[in-house]
Amino acid sequence: MALRDPGLPVEPGGPTPPLPAPPEPLTWVCWGILFGSVGWFAARHLFLGQPSPLLVLDGAQVREGDWWRVFLCVFEHGNLIHLAFNMSAVWTLGRVLEVGVGPFRMLITSVVGALGSALFVLLFNFDQPTVGASGVILAWGGAILPIDTQHGRKSIGTWLAQVAVISLLPGISWAGHLGGFLLGLPC
């Protein structure tokens, strides 16, 4: 059998060449969180040499007027393991959701998740400084739960059970996780 030259036209009635796969949509929100978090982590360690309290969600600082900490604490992470786990969830869970709902809804869900996470931390753990994108990620999990397939809900449910157990460990913000998830549900 002779191979057909791809530059030649297809004979009428012959096989139709397969169409190329469409490019994967760009997930602007996930890439923003990923680059913002990794970039800040790298810059902080290269130039400051130590963790910076600049982006930490600290109840006393918020009370003094640093309201921006509510949003920017998403980009601060405690250590490399914390950053790696959060960014792996942004890459896997976040990108799937953003492709499905679009960047505008993803942005709204992310902002609501950051606010919900910060609200619960400030209400229930006011004196515990908090960092990380976990509240936003849990908001995404909450947003996926009602719209996913039955199989998908089982997978998300298993993941949420694991996060619930992790949330009980010392130094982990159960309030941030719970607040992000609960406010993510209606999104």
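Quick grid of which residues meet (1) modelled with pLDDT of 95 or more; (2) assigned to a helix (DSSP H, G or I):
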| site | (1), (2) |
| --- | --- |
| A2 | no, no |
| P6 | no, no |
| P17 | no, no |
| E24 | no, no |
| W31 | yes, yes |
| A43 | no, yes |
| Q50 | no, no |
Checklist entry - Which of (1) modelled with pLDDT of 95 or more; (2) within 12 Å of the chain's Cα centre (by Cα); (3) farther than 18 Å from H177 by Cα is the odd one out, the single condition F104 does not satisfy? => result (2)
Item to check | Residue that is closer than 23 Å to P129 by Cα and either modelled with pLDDT under 95 or in a loop (DSSP other than H, G, I, E, B) (or both), where the choices are G13, G65, G36 | outcome: G65
Item to check | Selection from segment 172-185 of residues that are in contact (Cβ under 8 Å) with a residue 60 or more places away in the chain and open to solvent by 70 Å² or more (accessible area, probe 1.4 Å) | outcome: L182
Checklist entry - Residues of segment 98-108 being open to solvent by 10 Å² or more (accessible area, probe 1.4 Å) and of a type outside the set (D, E, K, R), which ones? => result V99, G100, V101, G102, P103, F104, L107, I108
Checklist entry - Identify, please: which residue in segment 20-50 is open to solvent by less than 80 Å² (accessible area, probe 1.4 Å) and among the aliphatic types (A, V, I, L, M) and is, among those, nearest to W91 (Cα to Cα)? => result L34
Next on the checklist: Return the pair list, or none, for Cβ contacts closer than 6 Å from residues in segment 132-155 that are of a type in the set (A, V, I, L, M) to residues that are outside any helix (DSSP H, G or I) and surrounded by fewer than 23 Cβ atoms within 10 Å (Cβ to Cβ), at least 6 apart or on different chains.
Outcome noted: A143/C187
Next on the checklist: Being more than 21 Å from C30 (Cα to Cα) and either at pLDDT below 95 or open to solvent by less than 40 Å² (accessible area, probe 1.4 Å) (or both): is that true of A89 here?
Outcome noted: no
Item to check | When residues of segment 51-79 are limited to those that are within 17 Å of the chain's Cα centre (by Cα) and touching a residue at least 24 places away in the same chain (Cβ under 8 Å), the one most open to solvent (accessible area, probe 1.4 Å) | outcome: F71
Checklist outcome for this item: Within segment 144-163, the residues that are touching a Gly at 6+ places or on another chain (Cβ under 9 Å), over 14 Å from A89 (Cα atoms) and open to solvent by 60 Å² or more (accessible area, probe 1.4 Å) are I147
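The values are calculated or read from the model by the stated rules, or taken from the named source; none is laboratory data. Predicted, not measured: the structure shown is a model, and the values here were computed from it. So basically every Cβ, Gly included, is an ideal-geometry build from the backbone, and we count neighbours across all protein chains shown. In case anyone asks, the SASA skips ligands and DNA or RNA and just uses the protein heavy atoms, side chains included. Shrake-Rupley method; radii C 1.70, N 1.55, O 1.52, S 1.80 Å.
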